[in-house]
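The values are calculated or read from the model by the stated rules, or taken from the named source; none is laboratory data. This one's a predicted model, so the numbers in the text were calculated from it and none came from an experiment. Quick reminder, even Gly has a Cβ in these numbers, built from the backbone with ideal geometry, and neighbours come from all protein chains shown.
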Amino acid sequence: MEAFTSLASGLAVAIQPMNMLFALIGVLLGTAVGVLPGIGPALTVALLLPITFKLDPAGSIIMFAGIYYGGMYGGSTTAILINTPGESASMATALEGNLMAKSGRGGPALATSAIGSFVAGTIATLGLTLLSPYLVDIAVSFGPEDYFALMVVAFVTVSATFGDSPVRGLTSLFIGLTLGLVGIDILSGQSRLSFGIPELYDNIEVTTLAVGLFAVGEALYVASRRHVHEEKLEAVRGSLWMTKDDWKRSWKPWLRGTAFGFPIGALPAGGAEIPTFLSYSTEKRLTKHPEEFGRGAIEGVAGPEAANNAAAAGTLVPLLTLGLPTSATAAMLLAGFQQYGLNPGPLLFAERPDLVWGLIASLFIANGMLLVLNLPLVGLWVRLLAIPQPWLYAGILVFATMGTIAANPSPVELVMLGVFGVLGFLMRRFDFPIAPVVVGLILGPIAESQLRRALSISLGDPMVLLQSPISATLLVIALFALVAPFVLKGMGRFKAVED
Amino acid sequence: MSQYRKGLWRSALAAAAVAGFVTSAAAQMELKIMAPAAPGGGWDQTARSMQQALTQSGIAKSAQVTNVPGAGGSIGIAQLVNNSKGDGNQLMVMGYVMVGALLTNKSPITLEQTTPIARLTTEYEAIVVPANSPIKNAKELAEAIKADPAKVTWAGGSAGGVDHIAAALFAKAAGADPTKINYIPFSGGGEALAAILGGKVTAGISGYGEFESQVKAGKLRLIGLTSATKTPNVDVPSIKEQGVDLEIANWRAVVAPPGISADQKKALTDAMDKLAQSKEWQEILKTKGWENAYVSGDAFAKILAEEQARTKDVLTAVGLVKS
Amino acid sequence: MTPSPQRRVDVAGLVIALLLLVLAGVVWWDMTKLQILSPYDLGPKVMPIVVSGCLTLLAIGNGIGAFRGDLPARDSLDWKPIVLILGGLACLIALIAFGGGFMIGTALLFAATSTAFGRRAFVTDFIIGAVIAVFVYVLFAKLLTLSLPAGPLERLF
């Protein structure tokens, strides 16, 4: 109950008119930059730090909270509408979301994403308020072997993104794993597959790959088929708003997405991408409308979006309780605190409760503000699709390239974008699934480095993977997820025979 | 053509500076500061803080920050050396990490090709152990590593970086084989810190700022800092004072492009001298928790050369650089 | 599950299989140049070996598929728009690489893409692209002090 009184006093700080104004500026700015791929909340906060230096700590930290949540809204809006994920965690949203938008259901897709983000953000922020002290102990006890086991679980569920042919799905995945090798190997400091090009030393940027494959590849593909297949986009077909059925199909994915996102986001090396994939795979498996997956299923938007937002709140658990910056944005928030001579960490809650609770309260406010601002805009956003096709795709390409150069003003990065665009085009033409490439790039390096760390610590003993209770449990889950479909199929056959 | 005229204008300015109009000429300076890293990192923060202090104090008329990220600064330095030759208004922020990165990346561009201007700040490395560790001080850690370097696992930053070099130097000073250290690189500061807090590794090594709040809260035990003598902000004597001969600092500095005239070099050095003394810069150092380590001119060039030689030795010993 | 009557060998499928094999070879060749530095680390070679091996297997799998001709049907292909779009992108890259700034390049890319999608108003679209570029430049370079690649046009602002 102590948490609630503190939260109430935090709310009192956050709803002061000036601080509300900062929160509003934050969410607007965050949404604006979130729309551009490559420019995320982290970069925005980094660039704003010198400017906000003169504001009072509460005001600027509240503004950063707004930017943080606003960035995610912007990122998923573009993922749904123009298949250009503004950040890597919006990739799973783009899979079904863009298909929905193309079939005239962009309104419900945006709505379930906005409401799902709000629900997940609110629950996760509550979790941050109440569970932080307990969660953080588990988070810290997660060792390299446990992360590796988590990656195994993620790999097993990836097959949900494979499409019809396992060979083609695996081919895509291994192209992604190959791309994941590019750059300096974190553990040995040697460069792999870089061919002496310094720009490749820093690994391939996930957003560059995702935007190249999704946005540029799609533009090339649609353009190449215009003479045989005129793409007709309808901005709205049916209801602009979520129907009763949409609500019924969304609320469970929201909750399940939150359940994936918050705890994994709270892990120091958890991130937001893995929970979004786990959520996507789970929804695909549990849905009552499997035929809609691949043609725009609302569950495939609701779950990952909730997971994404919950993970963002989860990231704040280690930041506020331990001072551990576990994502780029968290690192920038940390720098923001330090600018005022505050060191987040075990003592921050005791030393400056007003600030911590002010921040948590402003997360609630930013979340609510985004919902209020975005829902009325859904109709307007969807009209974007009514822009004449030449301008729409030209605009998509301009956004894709601009986001890429703004984050990294190097021609090499743009060449990579082009190469990935061609790859995306060819993969579409020969019917290879796209998502596993990005999944491979994200998961491969983490799985490799965590396994190698675990084995270095155990001096090469692989039993470490089974000795840790967390790792052993996760491996059992992975085994179950791998075997269960076959067993269930077998049982179904058995039943059929019995009948 | 305009380049030529700009060059003339600049030499005129430099001449004026020499002729005694030092303050007025310097106030006209339109500096460009390159941070060879993405926005947000240490070098970028240094560049943007310099920008703030230089313009607010009126030392320069303007100071524009550009970011050229990539490969530990290898891309930034290549751009400085190739595209800004002779530009007396250009500066690049760099640091000790770049010394190692250029070596491990086999960069064709070396620091010898730049014009050293001044070292600005420094941060000492700290060695910590989990609060419940049996190891209490640097002596005990040294004994443990001498007994079996494999059993002492280190968590720190990227391979070949300052943390790795410091761990290797510690092993060497302890009388163990530096090639046998069990050093485990982590990608972000947070991840390494979590591994140490969770007791997954024996010891952690990083800049003191990463550990400070944990040490104060009693969750980590500070073994010592890599400074020559005890620094006022900690209670523990330095590692060197505890009898393990290790001294290393992660400093940040500015360098200028090659081919600038002696006058241009002097103008830049003067501007940095004034920056270091300005109250705006002092204020920034205080809020950011950066330690002032200002050295300019030939003294800095000498330090740079020494650091390069020592780093090359260590990186060769651990196998990251072939001699 | 009716077997298609004309099970012809798919040449494109064979090319894909061959490319995968080449990729596997490159990964393997790159791996041979790495050294194992730490005595406790599994080493940087294991992952490339696994990837290279699996790519080889997948090349075989794709090759078998191509021989059986079970690749999905494809429409005919219009190369012109692809060349136009990639050409626009190439112009942007060249302009940035040689200091021409990003505004002109962005405008060119916009106009080239809209032409690729069948519009015949290059000049109008060029201007629209330029307006977008200016807007973005002002937003990012001025408001956020982010350094975008600058050329003669950008310096006017």
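Please find, within the stretch C:4-55, the residue that is farthest from A:ARG428 (Cα to Cα) out of those that are hydroxyl-bearing (Ser, Thr, Tyr) and either out of contact with any helix residue (DSSP H, G or I) (no Cβ under 8 Å at 6 or more places or on another chain) or exposed (fewer than 13 other Cβ atoms within 10 Å of the Cβ) (or both).
In the first step, residues of the stretch C:4-55 are kept if they are hydroxyl-bearing (Ser, Thr, Tyr); the result is C:4, C:32, C:38, C:40, C:52.
Filter again for either out of contact with any helix residue (DSSP H, G or I) (no Cβ under 8 Å at 6 or more places or on another chain) or exposed (fewer than 13 other Cβ atoms within 10 Å of the Cβ) (or both), leaving C:4, C:32.
Details: C:SER4: 22, C:THR32: 33 Å.
Restricting to residues being hydroxyl-bearing (Ser, Thr, Tyr) and either out of contact with any helix residue (DSSP H, G or I) (no Cβ under 8 Å at 6 or more places or on another chain) or exposed (fewer than 13 other Cβ atoms within 10 Å of the Cβ) (or both), the top hit is C:THR32.
Residues to consider are B:ALA101, B:ALA155; find the one that is crowded, with 24+ Cβ neighbours inside 10 Å and within 18 Å of the chain's Cα centre (by Cα).
Within the list B:ALA101, B:ALA155, the selection yields B:ALA101.
Inside the stretch A:165-205, can you point out the residues that are under 25 Å from the mean Cα position of the chain (by Cα), more than 14 Å from chain B (Cβ to nearest Cβ) and either hydrophobic (A, V, I, L, M, F, W, C) or in a loop (DSSP other than H, G, I, E, B) (or both)?
Answer for the stretch A:165-205, where residues must be under 25 Å from the mean Cα position of the chain (by Cα), more than 14 Å from chain B (Cβ to nearest Cβ) and either hydrophobic (A, V, I, L, M, F, W, C) or in a loop (DSSP other than H, G, I, E, B) (or both): A:LEU170, A:LEU173, A:PHE174, A:ILE175, A:LEU177, A:LEU179, A:LEU181.
Mind telling me which of the residues C:SER147, C:SER114 ends up being at the interface with chain A (Cβ under 10 Å from one of its Cβ atoms), in contact with a Pro (Cβ under 7 Å, 6 or more places away or on another chain) and at pLDDT below 90?
Details: C:SER114 fails: at pLDDT below 90.
None of the other options fit; the residue is C:SER147.
Do you know which of the residues in the stretch B:201-221 that are within 9 Å of chain A (Cβ to nearest Cβ) and surrounded by fewer than 24 Cβ atoms within 10 Å (Cβ to Cβ) is farthest from A:VAL136 (Cα to Cα)?
B:GLY209
Does A:ALA3 meet the test of being part of a helix (DSSP H, G or I), within 15 Å of the chain's Cα centre (by Cα) and of a type in the set (A, V, I, L, M, F, W, C)?
no
For the stretch B:264-323, which positions are of a type in the set (Gly, Ala, Ser) and farther than 30 Å from C:LEU34 by Cβ?
Going through the stretch B:264-323, the residues of a type in the set (Gly, Ala, Ser) turn out to be B:267, B:271, B:276, B:278, B:289, B:293, B:296-297, B:299, B:301, B:305, B:309, B:317, B:319, B:323.
The answer is B:ALA267, B:ALA271, B:ALA276, B:SER278, B:GLY289, B:ALA293, B:SER296, B:GLY297, B:ALA299, B:ALA301, B:ALA305.
If we keep just the residues of the stretch B:272-322 that are assigned to a loop (DSSP other than H, G, I, E, B) and not basic (Lys, Arg), which is nearest to the chain's Cα centre (by Cα)? So that I can check it myself, show each step before the final result.
Restricting attention to the stretch B:272-322, the residues satisfying the condition of being assigned to a loop (DSSP other than H, G, I, E, B) are B:278, B:289-290, B:318-322.
Filter once more, keeping what is not basic (Lys, Arg): B:278, B:289-290, B:318-321.
Values: B:SER278: 21, B:GLY289: 14, B:TRP290: 11, B:VAL318: 21, B:GLY319: 22, B:LEU320: 20, B:VAL321: 20 Å.
Checking each candidate, the answer is B:TRP290.
What are the pairs, 6+ residues apart or on separate chains, where a residue within the stretch B:312-323 that is within 13 Å of another protein chain (Cβ to nearest Cβ) has its Cβ under 7 Å from a residue that is of a type in the set (S, T, N, Q)?
Cβ pairs passing all conditions: B:LEU315/B:THR104; B:THR316/B:SER323; B:ALA317/B:THR179; B:VAL318/B:THR179; B:GLY319/B:THR179; B:GLY319/C:GLN35; B:LEU320/B:THR104; B:VAL321/B:THR104.
Residue check: is A:LEU99 surrounded by fewer than 24 Cβ atoms within 10 Å (Cβ to Cβ), touching a residue at least 60 places away in the same chain (Cβ under 8 Å) and either farther than 24 Å from A:SER281 by Cβ or within 14 Å of chain B (Cβ to nearest Cβ) (or both)?
no
What tally of residues in the stretch C:64-90 results from selecting those that are farther than 26 Å from A:GLY169 by Cβ and either assigned to a helix (DSSP H, G or I) or more than 9 Å from every other protein chain (Cβ to nearest Cβ) (or both)? Please lay out each step first, then the result.
Residues of the stretch C:64-90 farther than 26 Å from A:GLY169 by Cβ: C:76, C:78-81, C:83-90.
Now narrow it down to the ones that are either assigned to a helix (DSSP H, G or I) or more than 9 Å from every other protein chain (Cβ to nearest Cβ) (or both): C:79-81, C:83-90.
Number satisfying all stated conditions: 11.
Could you grab me the full set of residues in the stretch B:78-98 that are within 15 Å of the chain's Cα centre (by Cα) and closer than 25 Å to A:LEU193 by Cβ?
The answer is B:VAL97, B:MET98.
Take the residues in the stretch B:170-184 that are in contact with a Leu (Cβ under 9 Å, 6 or more places away or on another chain) and more than 11 Å from every other protein chain (Cβ to nearest Cβ), then tell me which one is farthest from B:GLU247 (Cα to Cα). Steps first, answer last, please.
Kept after step one, since they are in contact with a Leu (Cβ under 9 Å, 6 or more places away or on another chain), are these residues of the stretch B:170-184: B:170, B:172-174, B:178-179, B:182, B:184.
The next check asks that each one be more than 11 Å from every other protein chain (Cβ to nearest Cβ); those that pass are B:170, B:172-174, B:178.
Details: B:PHE170: 9, B:LYS172: 12, B:ALA173: 10, B:ALA174: 13, B:PRO178: 16 Å.
This residue is B:PRO178.
Could you tell me which residue of the stretch A:191-242 is surrounded by the most Cβ atoms within 10 Å (Cβ to Cβ), considering only residues that are without any contact (Cβ under 8 Å) to a residue 24 or more places away in the chain and hydroxyl-bearing (Ser, Thr, Tyr)?
So, considering only residues that are without any contact (Cβ under 8 Å) to a residue 24 or more places away in the chain and hydroxyl-bearing (Ser, Thr, Tyr), the one surrounded by the most Cβ atoms within 10 Å (Cβ to Cβ) is A:SER191.
Does C:GLY61 fit the bill of being touching a Ser or Thr at 6+ places or on another chain (Cβ under 8 Å), facing another protein chain (nearest Cβ under 7 Å) and farther than 30 Å from C:VAL138 by Cβ?
Details: touching a Ser or Thr at 6+ places or on another chain (Cβ under 8 Å): yes; facing another protein chain (nearest Cβ under 7 Å): yes; farther than 30 Å from C:VAL138 by Cβ: yes.
Taking the combined requirement at face value, the residue satisfies it.
For A:ALA311, all conditions in the list (1) of a type in the set (A, V, I, L, M); (2) closer than 21 Å to A:GLU87 by Cα; (3) not in a helix (DSSP H, G or I) hold save one; what is the number of the exception?
A:ALA311 satisfies all of (1) of a type in the set (A, V, I, L, M); (2) closer than 21 Å to A:GLU87 by Cα; (3) not in a helix (DSSP H, G or I) except (3).
Against the definition (among the β-branched types (Val, Ile, Thr), closer than 26 Å to A:ASN408 by Cβ and not assigned by TED's automatic domain parsing to the domain that holds C:PRO152), how does C:VAL51 come out, yes or no? If you could, list the steps in order and put the result at the bottom.
Numbers: among the β-branched types (Val, Ile, Thr): yes; closer than 26 Å to A:ASN408 by Cβ: yes; not assigned by TED's automatic domain parsing to the domain that holds C:PRO152: yes.
When the stated conditions are applied, C:VAL51 passes them.
On the basis of being buried (at least 24 other Cβ atoms within 10 Å of the Cβ) and free of Cβ contacts under 8 Å to residues at least 24 places away in the same chain, does A:ALA124 make the cut?
Details: buried (at least 24 other Cβ atoms within 10 Å of the Cβ): yes; free of Cβ contacts under 8 Å to residues at least 24 places away in the same chain: no.
Answer is no for this residue.
Residues to consider are C:LEU34, C:LEU95, C:LEU109; find the one that is within 30 Å of A:TYR393 (Cα to Cα), out of contact with any Phe, Trp or Tyr (no Cβ under 9 Å at 6 or more places or on another chain) and facing chain A (nearest Cβ under 10 Å). Before the answer, list the steps.
Numbers: C:LEU34 fails: within 30 Å of A:TYR393 (Cα to Cα); C:LEU95 fails: out of contact with any Phe, Trp or Tyr (no Cβ under 9 Å at 6 or more places or on another chain).
Residue meeting the stated conditions: C:LEU109.
Just to check your reading of the model, which residue among B:ALA53, B:ALA63, B:ALA101, B:ALA78 is touching a helix residue (DSSP H, G or I) at 6+ places or on another chain (Cβ under 9 Å), within 12 Å of chain A (Cβ to nearest Cβ) and in a strand (DSSP E or B)?
B:ALA63
Any residue in the stretch C:49-57 that is within 7 Å of chain A (Cβ to nearest Cβ) and among the hydroxyl-bearing types (Ser, Thr, Tyr)?
Start the filter on the stretch C:49-57 by keeping residues that are within 7 Å of chain A (Cβ to nearest Cβ), which leaves C:51, C:54-55.
Filter once more, so that each one left must be among the hydroxyl-bearing types (Ser, Thr, Tyr): none.
Looking through the stretch C:49-57, none of the residues is within 7 Å of chain A (Cβ to nearest Cβ) and among the hydroxyl-bearing types (Ser, Thr, Tyr).
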